[in-house]
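Engineer: I am attaching a structure below and will ask some questions about it afterwards.
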Amino acid sequence: MGIDVWLTVAVLLVMLVVLVVDRFPPAGVVLGANVALLIGGVTDTDAAFSGFSNPAPITVAALFVLAAGAQRTGLLSVLVDRLLGRAGRPGVAHARLLLPSVGASAFLNNTPLVAMTIPDVVAWCRRNQRNASRYLLPLSYAAILGGTLTVIGTSTNLIVSGLLEDSGEAPLGLFEVAIIGGPVVIVGLVVLFGVSIPLLPMRATGPDDLLTATRNFRIEMRVTEGPLSGRSVETAGLRQLTGVFLVQLERGDGIVAPVGPDQLLVPGDVLTFVGEVDNVLDLDRMAGLEPVARRELDDVPAVGRGVYEVVIGRTSPVSGRTLKEADFRARYGAAVLAIHRAGHVLDGKLGDIRLRNGDTLLVVANDAFRRRYAKSQDFLVVAEIEAPAPTVSRHAPFVGIVTLGFVAVVATGVLSTVEGALVAAALMVAGRVMTFSEAKNAIDLDVVVLIAAAFGVGEAVRMSGLASDIAGGFVTGLEPFGTFGLILGIVVATSVLTELVTNNAAVVVVFPIALAVATDAGIDLTLIAIVVGLAASTSFLSPIGYQTNTMVYGPGGYQFVDYLRSGLPLSIAVQLTIATTATLLA
């Protein structure tokens, strides 16, 4: 082996060790390895930076914008709440959550999809006194499985398509990976429901701790045309909400208090709830309800939108006045969602309550509000809270149409994947779903840079001759086991590497080796590319192997061993399915 091979091996080993230690951002580590190989003369400038001109990172960036549009409009919030519905048997709830998640993650990149869905699942668990740890990791696993059905389902598939195109082959079609991904999904779901979910332990999660909260906010929600209309309070699930209590119903000029379980709901009813901050904010995610202050909320500037707690000072111009009299929305550019007064139960409409010194308001505003009033005499305290701001639901139908249109034009070949994604992202801004600044902030630059830099590392593995050397040994060692042995060896090697580092880094290291193996063994290059992509995408054994597993780690209260216990049978079943299906197709 030449000096280039040894240098490439050394850089790869250092890169993998640093990634496993997890002390530095993966994007910086892979970019650093890329630069080291360039300086060492293994690659040239064109090869080292080829990923920055490849469609894959651009496509992923555009999909982040599309996903942010769905999150901002609450498109998934409504869907999740309607799918889960009332708390029934756990098996039914799991099926209603996970099966649609598989389908959705085939067309919305599964990483942002899970990021958008976590708050809604946690909110549903809180309302229905369910343990979030029983739902979040299965959600991640289902999204990973769904990502194996299309080339846009996961960034790894897009990288493989880009690498395949760079090697002189045609890029992957939208549904081309489904030839192996389809059997993977079927087998994976059977094992997930039958083995993995039952093996998951109950863990203490954040929502469980909220039951001890003491500060109650008063909030008003309006019944809309939808799933709650015509149902009783009991059947609508409004009597057993965790940490939130329905205290009165207002219909026209009449008020019902207390509200009985058989009280029927009709569109336009105003329901007053009392509960803690996170709990009352969860109500916005419940299908069939919207804040009474919806119009004011939609008028709040989009950039930097957040939720703040403000305490009214003695000299504040709003002290002694109602929200209407103070014209709070026009004065501060913020919408009041709820009010808390220590030691008192507030009566009447929020807009008619006369505010006092020390009252705490829950307001939705942009970041300019905090800068302007943090040291103002108007409020004693202005503190941002870690809770998602209410969504801007009026744009939800538009985002749904754009998403379906994107899938249609890509599936029919009218536009390429990157073209369709860019058009969809542009429509998010043109349709005023978000500002250009918000679209820019929605892009996870670390992921985009990691993908682009990883192409240079893959080129080094190929150009140095390392891929050919490893492939030769691979074929020689596994030749007695035939095509199945070769493919299974590639699958296992990719999967192990994915659990140690990240899926995107793993696929870039293995891809040139797998291509060399396929060439020597006479296996179709596109088929082996799909195998590598799916093996790298299906990580179930650790919280670091795949981004969605990392996302649910904290909210689910998981321990590392939970991933091994629940994910091992799933991982074995999926790896065998990939290898078996690919062998039959080879």
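The values are calculated or read from the model by the stated rules, or taken from the named source; none is laboratory data. Remember, it's a predicted structure, so these values are computed and weren't measured experimentally. Please note: Cβ atoms are built from the backbone with ideal geometry, for glycine as well, and neighbour counts cover all protein chains shown. Keep in mind that these areas ignore ligands, DNA and RNA; they rest on the heavy atoms of the full protein, side chains included. Shrake-Rupley method; radii C 1.70, N 1.55, O 1.52, S 1.80 Å.
Engineer: At a 10 angstrom cut-off on C-beta neighbours, averaged per residue, how do the peptides 8-15, 25-32 rank from highest to lowest? The partial results should precede the final answer.
Structural biologist: Working: 8-15: 17.6, 25-32: 19.9.
Those peptides, ordered most packed to least, come out 25-32, 8-15.
Engineer: May I ask you to compute the full-extension gain from Ile255 to Arg370, defined as 0.36 nm times their residue separation minus their alpha-carbon distance, rounded to one decimal in nm? Before the final figure, lay out the partial values.
Structural biologist: Values: separation 115, 0.36 × 115 = 41.40 nm, distance 3.64 nm.
Length gained, Ile255 through Arg370: 37.8 nm.
Engineer: Quick one: if you stick a label point 7 Å off each Cα along the C-beta vector at Arg321 and Ile186, how many nm between them?
Structural biologist: Output for this residue pair reads 6.8 nm.
Engineer: Sorting check: for 508-519, 357-368, which peptide has the highest mean count of neighbouring beta carbons within 10 Å, and how do the rest follow?
Structural biologist: Listed from highest to lowest mean packing, they are 508-519, 357-368.
Engineer: Determine the shape class of region 434-586: with a ≥ b ≥ c the square roots of the Cα gyration tensor eigenvalues, call it rounded for a/c under 1.5, and otherwise prolate if a/b is greater than b/c, oblate otherwise.
Structural biologist: Taking the square roots of the gyration eigenvalues as a ≥ b ≥ c, region 434-586 is oblate.
Engineer: Another question, then. Give the span of region 226-361's Cα atoms along each principal axis, as three whole-Å numbers ordered largest to smallest.
Structural biologist: Principal extents (largest minus smallest coordinate, Cα): 46, 35, 28 Å.
Engineer: From Cα pairs below 8 angstrom and at least 6 apart in sequence, can you work out the relative contact order of the chain, rounded to a whole percent? Intermediate values should be presented prior to the final figure.
Structural biologist: Working: 1083 pairs, mean separation 129.5, N = 586.
Dividing the mean separation by the residue count of the chain yields 22 percent.
Engineer: Give me a comma-separated list of calculated 3J(HN,Hα) values for region 163-176, in order, Karplus coefficients 6.51, -1.76, 1.60 applied at θ = phi - 60°, integers in Hz, x for any Gly or Pro.
Structural biologist: For region 163-176, the Karplus-derived couplings read 5, 5, 5, 5, 7, x, 8, 6, x, 5, x, 4, 9, 5 Hz, x marking Gly and Pro.
Engineer: Short version: ³J(HN,Hα) in whole Hz for each residue of region 482-487, in order, from phi by Karplus 6.51 cos²θ - 1.76 cosθ + 1.60 (θ = phi - 60°), x for Gly and Pro, what are they?
Structural biologist: Those phi angles translate into x, 4, 4, x, 4, 5 Hz.
Engineer: Tell me the accessible surface of Arg203 in square angstrom (1.4 angstrom probe, heavy atoms of protein chains only), to the nearest ten.
Structural biologist: It works out to around 50 Å².
Engineer: Let me ask you something else. Provide the per residue accessible area, probe 1.4 Å, for region 399-546, rounded to a whole number of square angstrom.
Structural biologist: That works out to 36 Å² per residue.
Engineer: Assuming R0 = 56 Å, what is the FRET efficiency of Asp352 and Leu584, from their Cβ-Cβ distance, to the nearest 0.05? Before the final figure, lay out each step's value.
Structural biologist: Numbers: r = 71 Å, r/R0 = 1.26.
In this case the efficiency is close to 0.20.
Engineer: Right, something else. Could you tell me the extents of region 243-308's C-alpha atoms along the three principal axes, largest first, rounded to whole Å?
Structural biologist: Taking max minus min along each principal axis of the Cα atoms, region 243-308 gives 42, 26, 19 Å.
Engineer: Please get the size of the charge dipole for the chain, origin at its Cα centre, with Cβ charges of +1 on Lys and Arg and -1 on Asp and Glu, quoted in debye to the nearest 20.
Structural biologist: For the chain, the charge dipole is close to 2100 debye.
Engineer: Separation between the Val311 and Thr550 pseudo-spin-labels, each 7 Å from Cα along Cα→Cβ, expressed in nm?
Structural biologist: A separation of 3.7 nm, rounded to one decimal place.
Engineer: Here is a follow-up. With a 1.4 Å probe and all protein chains kept in place, how do Lys440, Lys375, Lys349 rank by accessible area, largest first? Could the numbers behind the result be given before it?
Structural biologist: Working: Lys440 120, Lys375 190, Lys349 90 Å².
In descending accessible area the options line up as Lys375, Lys440, Lys349.
Engineer: Write down the Å³ per residue value for the convex hull defined by the alpha carbon atoms of region 112-201.
Structural biologist: Spelled out: Cα convex hull of region 112-201, divided by residues, is 97 Å³.
Engineer: So, one more: Step by step: find N for the chain, compute 2.2 N^0.38 Å, then divide the Cα radius of gyration by it. What's the final number?
Structural biologist: 1.07
Engineer: Determine the principal axes of the Cα atoms in region 340-462, then give the extent along each, sorted from largest to smallest and rounded to whole angstroms.
Structural biologist: So the extents along the principal axes, rounded to whole Å, are 69, 36, 24.
Engineer: With Cβ to Cβ distances under 14 Å as the rule, what net charge do the other residues near Gly91 carry (K, R +1; D, E -1)? All intermediate terms of the calculation are to be shown ahead of the outcome.
Structural biologist: Details: positive: Arg89, Arg96, Arg130, Arg134; negative: none.
After counting each charged neighbour, the total is +4.
Engineer: Check cross-link reach from Lys324 to the lysines: straight Cα distance under 19 Å, and skip same-chain residues fewer than eight apart.
Structural biologist: Lys349
Engineer: Another question about this same structure. Just to check I understand the Karplus step: with θ = phi - 60° and J = 6.51 cos²θ - 1.76 cosθ + 1.60, what whole-Hz values come out for region 508-516, glycine and proline as x?
Structural biologist: Rounded to whole hertz, the list is 6, 6, 7, 3, x, 5, 5, 5, 5.
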